[in-house]
Amino acid sequence: MERSAEEFMREAIALARTNVKSGGRPFGALLVRDGRVIARAVNEVNQTKDPTAHAELLAIRNASQSLGSASLSGCVVYASGHPCPMCLAAMYLCGIQGAYFAYSNEEGEAFGLSTAPIYAQLAREPQAQSLALRPLRPADEHGLYDEWKRHQG
């Protein structure tokens, strides 16, 4: 019998609850394709001291390794919390077709879990952000992407 979206979400939330009990943050994620769980992960930021170790991103990494492909087209993510911009970008880049979340940023805000300030900052022009992003290419630098394309042959 095929599992429902709600059942997948309940599993993602259960992963998050288990992670909280072991000292982690309240985030769990499942990556599903054709009704089958391809990968499960929890937020490991506290455990690993890696700020990119979000549940969604780790599920994407695990699924890509398991499937032997960087393309995860046809996959759906079930996340206990609203994915951050980094995780959303990763989902987009690997071709995830959709994502569901149980808890909103607004709900997490009271507990210091909101990513709303990050969204607001990213919405501004890159040059206006507090973390300035500016183009810089040495005058004699050219052809990197052409070289890459030639090696793809």
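The values are calculated or read from the model by the stated rules, or taken from the named source; none is laboratory data. Bear in mind the structure is a predicted one, so any value in this text is a computation, not a measurement. Every residue, glycine among them, receives a Cβ derived from its backbone with ideal geometry; neighbour counts consider all protein chains shown. For the accessible areas, the whole protein counts, side chains as well, though only heavy atoms, and no ligand, DNA or RNA atoms are used. Shrake-Rupley method; radii C 1.70, N 1.55, O 1.52, S 1.80 Å.
So, in the stretch 1-14, how many residues would count as being open to solvent by less than 70 Å² (accessible area, probe 1.4 Å), among the charged types (D, E, K, R) and assigned to a loop (DSSP other than H, G, I, E, B)?
Of the residues in that region, 0 qualify.
Using the structure shown, decide if Glu44 is among the acidic types (Asp, Glu) and at pLDDT below 95.
No: the conditions fail for Glu44.
In the set Leu72, Leu58, Leu31, which member is more than 15 Å from Phe101 (Cα to Cα), buried (at least 19 other Cβ atoms within 10 Å of the Cβ) and touching a Cys at 6+ places or on another chain (Cβ under 7 Å)?
Sole residue among the options that is more than 15 Å from Phe101 (Cα to Cα), buried (at least 19 other Cβ atoms within 10 Å of the Cβ) and touching a Cys at 6+ places or on another chain (Cβ under 7 Å): Leu72.
Pull up the stretch 75-97, narrow it to residues that are of a type in the set (Ser, Thr, Tyr) and surrounded by 15 or more Cβ atoms within 10 Å (Cβ to Cβ), then point me to the one that is modelled with the lowest pLDDT.
First, the residues of the stretch 75-97 that are of a type in the set (Ser, Thr, Tyr): 78, 80, 92.
Those left that are additionally surrounded by 15 or more Cβ atoms within 10 Å (Cβ to Cβ): 78, 80.
Working: Tyr78: 95, Ser80: 92.
Ranking the qualifying residues of the stretch 75-97, first place goes to Ser80.
Do we find a residue being at pLDDT below 95 and in contact with a Pro (Cβ under 6 Å, 6 or more places away or on another chain) anywhere in the stretch 20-32?
yes
Quickly run through the stretch 34-46 and pick out the residues that are over 10 Å from Ala59 (Cβ atoms) and crowded, with 22+ Cβ neighbours inside 10 Å. Explain how you work it out, then say what you get.
Within the stretch 34-46, the subset over 10 Å from Ala59 (Cβ atoms) is 34-36, 43-46.
Across the stretch 34-46, the qualifying residue is only Asn43.
Anything in the stretch 15-28 that is part of a helix (DSSP H, G or I) and open to solvent by less than 20 Å² (accessible area, probe 1.4 Å)? List them, or say none.
Of the residues in the stretch 15-28, the ones part of a helix (DSSP H, G or I) are 15-21.
Passing the criteria: Ala16, Asn19.
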